[in-house]
Amino acid sequence: MKHYLTVSDIESLPDWVDEAIALKKDPYQFEGLGKRKTICLLFFNNSLRTRLSTQKAAMQLGLDVMIMNFGNEGWALEYGDGTIMDQGTSEHIKEAAQVVSEYADIVAIRAFAGLVDKEKDESEEVITGFANYATIPVVNMESSVGHPLQALADAITLKENEIKIRPKVVLSWAPHPKALPHAVANSFVEMMRMQDADFVITHPKGYELNPRLTQGCQIEYDQNKALEGADFVYVKNWSSYSDYGKVLSKDTDWTITEKKLGHAKFMHCLPVRRNMIVEDAVLDGKQSLVVQQAKNRVFSAQIVLKKLLENI
Amino acid sequence: MKHYLTVSDIESLPDWVDEAIALKKDPYQFEGLGKRKTICLLFFNNSLRTRLSTQKAAMQLGLDVMIMNFGNEGWALEYGDGTIMDQGTSEHIKEAAQVVSEYADIVAIRAFAGLVDKEKDESEEVITGFANYATIPVVNMESSVGHPLQALADAITLKENEIKIRPKVVLSWAPHPKALPHAVANSFVEMMRMQDADFVITHPKGYELNPRLTQGCQIEYDQNKALEGADFVYVKNWSSYSDYGKVLSKDTDWTITEKKLGHAKFMHCLPVRRNMIVEDAVLDGKQSLVVQQAKNRVFSAQIVLKKLLENI
Amino acid sequence: MKHYLTVSDIESLPDWVDEAIALKKDPYQFEGLGKRKTICLLFFNNSLRTRLSTQKAAMQLGLDVMIMNFGNEGWALEYGDGTIMDQGTSEHIKEAAQVVSEYADIVAIRAFAGLVDKEKDESEEVITGFANYATIPVVNMESSVGHPLQALADAITLKENEIKIRPKVVLSWAPHPKALPHAVANSFVEMMRMQDADFVITHPKGYELNPRLTQGCQIEYDQNKALEGADFVYVKNWSSYSDYGKVLSKDTDWTITEKKLGHAKFMHCLPVRRNMIVEDAVLDGKQSLVVQQAKNRVFSAQIVLKKLLENI
């Protein structure tokens with residue numbers, strides 16, 4: 001693995017999950033690995049879990065950590081090839097990526113989708129720009145189209161709560177007042193396709209995810225039917241992909257309730273809008289895995305950083 | 001002590017002050033205590049002294065430090081119970097507090113009073129929310145109604161400058177162009193009530209602090225009378241408590257001058273408005289303890305963190 | 001050396017350059033020097049290279065690092081003597097500088113020119129204020145009129161690429177859409193005056209730098225003539241000094257091209273506007289030293305911090 005940009009960079013999901021679970025029991029066992037090495041975390045967008053968990057993971061590996069809020073602490077970046085830079089952008093990604101590579105051994109980047117221009121979002125100019133021009137490994141801390149550290153944390157959480165070889169896992173859309181990116185849902189789908197599971201995606205019509213990613217996946221527009229017999233219900237809002245970035249529905253009939261959940265475990269990447277995405281009773285109840293998922297963000301990041309450090 | 005939320009969490013003021021003074025002589029003597037442990041500092045408001053001194057205290061205990069400006073780096077928090085989160089807030093304090101608890105061993109929080117809604121400020125929703133839902137110790141780095149790290153630093157400074165068993169200590173209001181919170185004054189009063197001192201509070205009428213806190217304290221509306229024979233004059237502006245958050249006076253007759261100060265030592269928590277709160281000659285003179293107070297912020301934080309670490 | 005405020009604080013340029021080059025080969029050789037010591041980096045303006053390279057240099061010396069974006073995390077500072085602080089500023093530089101001195105062993109400061117009021121910019125109120133009132137060494141991370149860490153990194157880069165005893169070095173102005181400060185150009189000139197070189201400055205009429213700094217330097221208004229036989233071309237935009245802060249020309253005839261460059265090496269401090277300052281072919285070609293210059297920022301900072309630490 002050269003970079004960790006998408007779920008497909010995971011060399012063996014079951015092995016990585018097992019290693020992460022072992023690491024969780026003894027988080028400082030590879031403390032020497034990052035000694036005298038530095039990771040730089042670059043945030044183009046807000047973050048709570050990703051910021052703290054990636055930092056924590058790095059510290060547990062003995063790495064020095066440098067954090068920048070690129071948007072307001074650095075310079076506006078240019079991504080175009082051959083641009084005459086006489087407008088608002090001050091620095092080209094080519095220089096930025098090369099320069100950061102001189103100061104750090106690994107760079108991790110968060111840059112959300114703008115949800116206005118589908119083609120631009122899918123080009124992943126920030127993270128792809130860094131991957132192209134940096135001379136060090138690049139880690140995706142949520143890009144326009146993927147959130148592979150979250151998906152790996154979710155795989156760890158599924159494994160820790162395993163009750164049968166082939167569980168039924170449902171990815172359900174739920175309502176939200178604002179337009180949200182597809183990154184978390186995309187990476188969850190990609191990760192589930194590496195698992196042996198009865199995997200069902202449910203959402204209102206018009207909310208189909210990128211068909212390239214869901215190819216061969218079971219899609220069920222009737223949420224109740226989809227949830228029948230579920231072992232895990234992963235809930236997430238996303239905006240329309242076909243009518244790009246639009247909020248087509250805020251239908252609270254899709255809100256997850258205790259009744260709908262049945263005996264299943266509840267999963268969400270957080271932050272979560274209470275009583276929109278899911279009712280209080282579920283989050284405050286024993287079937288919620290959301291805090292465990294958040295904790296596992298440390299170990300998904302740590303396993304990725306460990307793999308990268310071993311290759312440097 | 002489970003958390004350090006108010007001055008009343010100090011188990012023994014004289015013991016803690018003595019320990020802090022000892023620590024100041026050898027700040028790294030407990031460097032091993034925080035090893036492989038992490039403190040997270042969450043700022044909902046600006047800070048200079050608190051940010052640097054708490055960080056420094058943590059580093060001297062060997063703690064790893066993670067810092068977040070929650071306002072612009074994280075998500076807008078919801079505090080209401082049962083809220084349907086279809087408006088501006090993205091994450092509930094319940095999740096935020098639980099999640100931070102998975103990444104850190106101690107969390108310290110700064111969240112000022114809004115000075116608009118007295119009941120809301122007194123409910124201390126941010127720090128109380130964290131204390132309720134976090135599973136780790138919470139430290140108050142200035143909340144709506146208290147600044148107990150400052151008060152403890154002030155107690156250390158009083159002790160270091162002790163000239164008699166029962167000094168006369170005056171807390172004097174002074175003018176300021178903007179409405180300021182009551183937190184520093186409140187905690188100073190609470191701390192003084194644990195001391196053997198001739199303690200007098202002086203301010204214009206209408207500036208009475210929360211009567212629950214000043215119960216039994218001597219209040220003198222004539223500043224000159226109050227200052228007579230003072231050994232220490234602690235100066236601070238605050239807005240009206242009864243006419244909540246209002247600036248009722250900017251009367252510069254209340255500005256502290258060399259003449260008014262007499263032989264007393266001058267104290268202020270900083271930042272201080274020169275020639276409004278106090279004239280230049282006092283701050284630039286030998287009776288000012290403000291820099292010593294600021295330095296003691298390191299040791300008040302360090303003694304608190306040490307106590308908390310010993311209990312983890 | 002008490003502080004590192006300007007290029008003239010360099011005690012011996014050739015010695016420091018040699019030491020920095022040695023340090024680059026073994027960056028952690030003085031890791032013990034900063035142990036239990038702290039540097040505080042205060043940013044009043046944006047930064048990428050300076051922020052990361054200074055932090056990296058400090059970590060390689062074993063220093064603990066505290067970083068503050070003073071503008072939005074701290075308090076608005078007052079610099080005036082005797083001011084009645086009843087307006088927008090909350091804290092006087094006198095207190096701020098003294099207080100930071102209690103928490104750190106070295107303080108480094110970035111505060112750009114405003115380019116509106118020449119006299120104010122030349123008074124260097126921020127960095128001079130800190131130098132006057134701090135009780136610890138102050139490092140200039142780019143002030144109104146100088147960027148001595150950049151100039152030292154440039155000297156290291158010149159030395160590493162040395163081809164003859166007395167190279168021809170040209171400092172050329174180039175066009176930019178916005179008004180930029182003179183700091184980088186000023187410090188480069190000061191540094192070149194300590195070198196044995198055929199040094200030429202070229203720019204359109206009206207772009208003369210502060211004559212006090214360029215006194216005795218060769219100034220050539222014909223860029224082509226200036227570039228003839230150059231070994232190193234250092235390119236930089238700056239606004240007018242005589243018509244202070246104004247953009248008098250955006251003439252792209254001054255843009256550096258491969259043809260103009262000839263066999264010379266290309267230097268720029270970054271960030272650089274592609275196809276305004278210099279065409280893509282130069283930056284993407286083998287004669288560009290910009291990434292090496294950026295890397296050398298670590299070692300210019302590290303040699304300065306090492307010298308200061310040895311004196312503490």
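The values are calculated or read from the model by the stated rules, or taken from the named source; none is laboratory data. Being a predicted model, the structure only gives us computed values, none of them experimental. Don't worry about glycine lacking a Cβ; one is built from the backbone with ideal geometry, like all the others, and counts go over all protein chains shown. Note: accessible area is taken over every heavy atom of the protein model, side chains too, but ligands, DNA and RNA are not part of it. Shrake-Rupley method; radii C 1.70, N 1.55, O 1.52, S 1.80 Å.
List of remarks:
- The set of residues from segment B:122-144 being open to solvent by 10 Å² or more (accessible area, probe 1.4 Å) and not hydrophobic (A, V, I, L, M, F, W, C) comprises B:122, B:123, B:124, B:125, B:128, B:132, B:133, B:135, B:137, B:142, B:144.
- Lone unmet requirement of (1) open to solvent by 30 Å² or more (accessible area, probe 1.4 Å); (2) in contact (Cβ under 8 Å) with a residue 24 or more places away in the chain; (3) under 26 Å from residue B:257 (Cβ atoms) for residue B:182: (1)
- Where helices (runs of 4 or more DSSP H) sit wholly within segment C:86-138, those with at least 2 residues that are among the small types (Gly, Ala, Ser) occupy C:93-103, C:125-133.
- Inclusion of residue B:279 among residues that are more than 16 Å from residue B:175 (Cβ to Cβ) and open to solvent by 30 Å² or more (accessible area, probe 1.4 Å) is not warranted.
- Members of segment B:59-81 found to be among the aliphatic types (A, V, I, L, M) and either farther than 26 Å from residue A:289 by Cβ or more than 7 Å from every other protein chain (Cβ to nearest Cβ) (or both), listed by number: B:59, B:61, B:63, B:65, B:67, B:76, B:77
- Among the numbered conditions (1) closer than 23 Å to residue B:147 by Cβ; (2) of a type in the set (Gly, Ala, Ser); (3) open to solvent by 10 Å² or more (accessible area, probe 1.4 Å), the only one that residue B:300 does not meet is (3).
- Answer from B:38, B:6 - the residue that is among the hydroxyl-bearing types (Ser, Thr, Tyr) and at the interface with another protein chain (Cβ under 8 Å from one of its Cβ atoms): B:38
- Any hit, segment B:44-58, residues being more than 7 Å from every other protein chain (Cβ to nearest Cβ), assigned to a helix (DSSP H, G or I), open to solvent by 10 Å² or more (accessible area, probe 1.4 Å) and at pLDDT 95 or above: no
- For segment C:228-260, a residue qualifies if it is open to solvent by less than 10 Å² (accessible area, probe 1.4 Å) and among the aliphatic types (A, V, I, L, M), and the qualifying residues are C:230, C:233, C:235, C:256.
- Considering segment B:82-118, the residues that are more than 8 Å from every other protein chain (Cβ to nearest Cβ) and of a type in the set (D, E, K, R) include one that is surrounded by the fewest Cβ atoms within 10 Å (Cβ to Cβ), namely B:117.
Residues are listed down the side, and each one gets a yes or a no for (1) in the same structural domain as residue A:112 (by TED's automatic domain parsing); (2) over 20 Å from residue A:55 (Cβ atoms); (3) in a loop (DSSP other than H, G, I, E, B):
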{"position": "A:143", "(1), (2), (3)": "yes, no, yes"}
{"position": "A:152", "(1), (2), (3)": "no, no, no"}
{"position": "A:155", "(1), (2), (3)": "no, yes, no"}
{"position": "A:169", "(1), (2), (3)": "no, yes, no"}
{"position": "A:175", "(1), (2), (3)": "no, yes, yes"}
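- Single residue of segment B:59-76 satisfying the filter (touching a strand residue (DSSP E or B) at 6+ places or on another chain (Cβ under 6 Å) and not in a loop (DSSP other than H, G, I, E, B)) that is most open to solvent (accessible area, probe 1.4 Å): B:64
- Within segment C:89-104, the set of residues being closer than 10 Å to residue C:129 by Cα, without any contact (Cβ under 8 Å) to a residue 40 or more places away in the chain and in contact with a Phe, Trp or Tyr (Cβ under 6 Å, 6 or more places away or on another chain) comprises C:94, C:97.
- When the residues of segment C:200-227 are filtered to those that are basic (Lys, Arg) and more than 19 Å from the chain's Cα centre (by Cα), the one that is most open to solvent (accessible area, probe 1.4 Å) is C:205.
- Residue match in segment B:177-187 (condition: assigned to a loop (DSSP other than H, G, I, E, B), within 30 Å of residue C:89 (Cα to Cα), of a type in the set (Ser, Thr, Tyr) and modelled with pLDDT of 95 or more): no
- Failed item in (1) over 18 Å from the mean Cα position of the chain (by Cα); (2) under 27 Å from residue A:211 (Cβ atoms); (3) within 14 Å of chain B (Cβ to nearest Cβ), with residue A:269 passing the rest: (1)
- Of all residues in segment A:1-37, those being more than 19 Å from the chain's Cα centre (by Cα) and of a type in the set (A, V, I, L, M, F, W, C) number 4.
- Residue count for segment C:10-35, restricted to those that are part of a loop (DSSP other than H, G, I, E, B) and either without any contact (Cβ under 8 Å) to a residue 12 or more places away in the chain or more than 14 Å from chain B (Cβ to nearest Cβ) (or both): 11
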